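**Student:** Supplied in structure tokens, the structure appears directly below.
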Amino acid sequence: MKEKLERLAEEVQKNMANPDVDIDVCFDEACGVPYLTVRYVVEGHSVHEKRIDIDKEYWEKDVNDLANFVAFQIEQFMEEIDSVEYGGE
């Protein structure tokens, strides 16, 4: 499982090549449920965070499917923040 989550982290980092997005992954046993913390910085000063849990139901999925799921979650998060920051522009 740890190897799969490490590959997931690599894929997500590779796919989300945005300098305003920082992704941390926690998949050791101390975390409980594996998760990613996404930090999105808007205009260099406004920092927003979201935790994306990788629930047990996703553990058997292919790494690419998981990476797509996480990328979708991150894109939605960024759109929500941009909508608030820029008034829906």
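The values are calculated or read from the model by the stated rules, or taken from the named source; none is laboratory data. As the structure is a prediction and not an experimental result, all values here were calculated from the model. Note that we place each Cβ from the backbone using ideal geometry, even for glycine, and neighbour counts take in every protein chain shown.
**Student:** Among the residues of segment 28-45, write down those that are outside any helix (DSSP H, G or I) and exposed (fewer than 13 other Cβ atoms within 10 Å of the Cβ).
**Tutor:** Hits for segment 28-45 are 28, 32, 33, 43, 44, 45.
**Student:** If you don't mind, there's one more thing I want to ask. Going by the structure shown, is residue 8 among the hydrophobic types (A, V, I, L, M, F, W, C), in a helix (DSSP H, G or I) and either without any contact (Cβ under 8 Å) to a residue 60 or more places away in the chain or over 21 Å from residue 83 (Cα atoms) (or both)? Reasoning before the result, please.
**Tutor:** Details: among the hydrophobic types (A, V, I, L, M, F, W, C): yes; in a helix (DSSP H, G or I): yes; either without any contact (Cβ under 8 Å) to a residue 60 or more places away in the chain or over 21 Å from residue 83 (Cα atoms) (or both): yes.
Judged against the criteria, residue 8 is a match.
**Student:** Looking at residue 25 and the list (1) surrounded by 13 or more Cβ atoms within 10 Å (Cβ to Cβ); (2) among the hydrophobic types (A, V, I, L, M, F, W, C); (3) modelled with pLDDT of 85 or more; (4) not in a helix (DSSP H, G or I), which single condition is not satisfied?
**Tutor:** (3)
**Student:** Before we move on, is residue 70 in contact with a helix residue (DSSP H, G or I) (Cβ under 7 Å, 6 or more places away or on another chain) and surrounded by 16 or more Cβ atoms within 10 Å (Cβ to Cβ)? Explain how you work it out, then say what you get.
**Tutor:** Working: in contact with a helix residue (DSSP H, G or I) (Cβ under 7 Å, 6 or more places away or on another chain): yes; surrounded by 16 or more Cβ atoms within 10 Å (Cβ to Cβ): yes.
It is true that residue 70 is in contact with a helix residue (DSSP H, G or I) (Cβ under 7 Å, 6 or more places away or on another chain) and surrounded by 16 or more Cβ atoms within 10 Å (Cβ to Cβ).
**Student:** On to the next question. Would you pick out the residues in segment 34-45 that are modelled with pLDDT of 85 or more and either under 19 Å from residue 83 (Cβ atoms) or in contact with a strand residue (DSSP E or B) (Cβ under 6 Å, 6 or more places away or on another chain) (or both)? Lay out the reasoning, then the answer.
**Tutor:** Narrowing segment 34-45 to residues modelled with pLDDT of 85 or more: 34-42.
Selection gives 35, 36, 37, 38, 39, 40, 41, 42.
**Student:** Shifting gears a bit: Would a scan of segment 9-22 turn up a residue that is of a type in the set (S, T, N, Q), farther than 12 Å from residue 67 by Cβ, out of contact with any Pro (no Cβ under 8 Å at 6 or more places or on another chain) and loosely packed, with under 15 Cβ neighbours inside 10 Å?
**Tutor:** Residues of segment 9-22 of a type in the set (S, T, N, Q): 13, 15, 18.
Those left that are additionally farther than 12 Å from residue 67 by Cβ: 18.
Those left that are additionally out of contact with any Pro (no Cβ under 8 Å at 6 or more places or on another chain): 18.
Filter again for loosely packed, with under 15 Cβ neighbours inside 10 Å, leaving 18.
Scanning segment 9-22 turns up at least one residue that is of a type in the set (S, T, N, Q), farther than 12 Å from residue 67 by Cβ, out of contact with any Pro (no Cβ under 8 Å at 6 or more places or on another chain) and loosely packed, with under 15 Cβ neighbours inside 10 Å.
**Student:** Sort out which residues of segment 46-64 are over 16 Å from residue 27 (Cα atoms), acidic (Asp, Glu) and either surrounded by 11 or more Cβ atoms within 10 Å (Cβ to Cβ) or touching a strand residue (DSSP E or B) at 6+ places or on another chain (Cβ under 9 Å) (or both), and write them in order of number.
**Tutor:** Result: 49, single match.
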